Amino acid sequence: MEWIDSDYILENRQSQESFYIPEKGAEAAVLCLKDIIQNGHIKSEYTNRISEFAKSDPNSFKNSLIPIYGKLSQKILQLAIDGDFTKIEKYRFRLLRDIFQSKFTSKKLTGFIKDHIDEFFQRKGGAFISLIGPDGSGKSTTAEHLLNNLENEFVETKYLHGRPNIIPDLSSIIPLIEHRASSGGSTQRGAPSPLPRPYQYILIPYYFIDYLLFRLALLRELHRGKVIIADRYFYDYAIQPNGVDFDDHLYSIFSDLVPHPDLLIYLYASPEVIFNRKPELTTEAIERQHRIIEKIVSERSGTKINTESNFENTQKHLLAEINARLRK
């Protein structure tokens with residue numbers, strides 16, 4: 001932490017043979033304050049020299065101190081000229097206070113924090129991509145393909161399936177909620193009974209904490225130049241037919257606060273095609289998922305990729321879209 005105006009001293013240093021020395025007043029200021037700040041007293045062998053240099057070059061002495069100590073600089077100068085070093089030593093805590101204040105004024109403090117945050121989390125070519133779509137739309141296959149094709153363009157690729165798992169499953173705390181959420185209350189395929197609203201007010205906020213903590217890890221990974229491909233990200237809570245018919249208002253509040261991907265990719269296939277690939281839900285239930293996804297993708301400026309065509313063509317289209325969007 002700076003306790004003297006080093007810029008002033010360097011700008012006004014004097015050449016002596018093959019090296020530079022500070023002006024006499026600046027040297028006196030350094031000798032005077034260095035020991036007071038560090039040890040609380042001035043060494044006796046320096047007192048005569050400080051007084052002599054302060055008398056012969058008062059302007060340099062004062063100018064070395066003014067940016068940090070303000071009006072106190074004149075008092076310190078006069079006491080140094082008078083040789084009253086005991087009184088100067090009594091100003092130690094005020095000097096320390098001024099040093100702290102000069103470093104952490106409101107503007108400097110916010111700038112200091114911002115600079116360090118920017119340095120720590122600044123993007124260096126990383127990317128966060130999230131895939132969304134009903135089961136059977138090709139998310140896992142697409143994620144694997146992207147990880148293989150993007151590994152040469154990024155420092156490292158990483159796959160996130162489901163939630164970040166930074167906090168433990170809710171089932172380890174409240175087994176009933178996880179049981180109801182995972183099993184549903186209906187035996188009819190594609191039409192599970194909804195999770196009661198009181199349970200939702202525990203489930204969503206709890207897992208929101210997981211994604212909130214994930215923000216810090218995500219920023220760090222992006223800073224290192226990694227690409228993260230997410231499958232079944234937070235948005236999937238709104239579309240999974242697992243007995244959780246979420247309160248739209250509650251869901252929208254938390255979905256706005258989770259870390260958003262750089263690119264949200266909607267993998268589309270018609271309900272009939274998805275049913276043929278994975279006959280777990282009715283076409284009506286799949287159509288419901290599509291309606292919800294369309295809204296989410298629209299809100300997040302995502303992109304829609306049709307996965308019904310030839311796989312190679314679909315992946316080429318997808319990679320071209322990623323390159324176009326992430327290079328903007």
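Scan region 8-61 residue by residue and report those that are β-branched (V, I, T) and within 42 Å of the chain's Cα centre (by Cα).
Matches in region 8-61: I9, V30, I36, I37.
Please name all residue pairs, on different chains or six or more residues apart, with Cβ atoms under 8 Å, provided the first residue is in region 243-265 and is in the same structural domain as A143 (by TED's automatic domain parsing) and the second residue is modelled with pLDDT of 80 or more and part of a loop (DSSP other than H, G, I, E, B).
As it stands, the answer is H260/R300; P261/Y233; P261/R300; L263/G302; L264/R300; L264/S301; L264/G302; I265/G302, since those pairs meet every condition given.
Quick check on Y8: is it at pLDDT below 90, in contact with a helix residue (DSSP H, G or I) (Cβ under 9 Å, 6 or more places away or on another chain) and not in a loop (DSSP other than H, G, I, E, B)?
It is false that Y8 is at pLDDT below 90, in contact with a helix residue (DSSP H, G or I) (Cβ under 9 Å, 6 or more places away or on another chain) and not in a loop (DSSP other than H, G, I, E, B).
Could you tell me which residue of region 145-193 is modelled with the lowest pLDDT, considering only residues that are touching a Phe, Trp or Tyr at 6+ places or on another chain (Cβ under 9 Å) and of a type in the set (V, I, T)?
Top of the filtered list is I177.
Checking S6 against (1) hydroxyl-bearing (S, T, Y); (2) in contact (Cβ under 8 Å) with a residue 40 or more places away in the chain; (3) over 14 Å from L77 (Cβ atoms), which single condition isn't satisfied?
Single failed check for S6: (2).
Residue-by-condition table, conditions (1) surrounded by 13 or more Cβ atoms within 10 Å (Cβ to Cβ); (2) at pLDDT below 75; (3) among the hydroxyl-bearing types (S, T, Y):
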| position | (1), (2), (3) |
| --- | --- |
| S106 | no, yes, yes |
| T110 | no, yes, yes |
| F120 | no, yes, no |
| A143 | yes, no, no |
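For I265, are the conditions met, namely being hydrophobic (A, V, I, L, M, F, W, C) and part of a strand (DSSP E or B)?
Working: hydrophobic (A, V, I, L, M, F, W, C): yes; part of a strand (DSSP E or B): yes.
Answer is yes for this residue.
List, please: which pairs have Cβ atoms under 9 Å, are six or more places apart or on different chains, and start with a residue in region 30-49 that is among the charged types (D, E, K, R) and modelled with pLDDT under 90 and end with one that is surrounded by fewer than 14 Cβ atoms within 10 Å (Cβ to Cβ) and not in a helix (DSSP H, G or I)?
D35/H41; D35/K43
The values are calculated or read from the model by the stated rules, or taken from the named source; none is laboratory data. The structure presented is a predicted model; accordingly, all values stated were derived computationally and were not measured. Please note: Cβ atoms are built from the backbone with ideal geometry, for glycine as well, and neighbour counts cover all protein chains shown.
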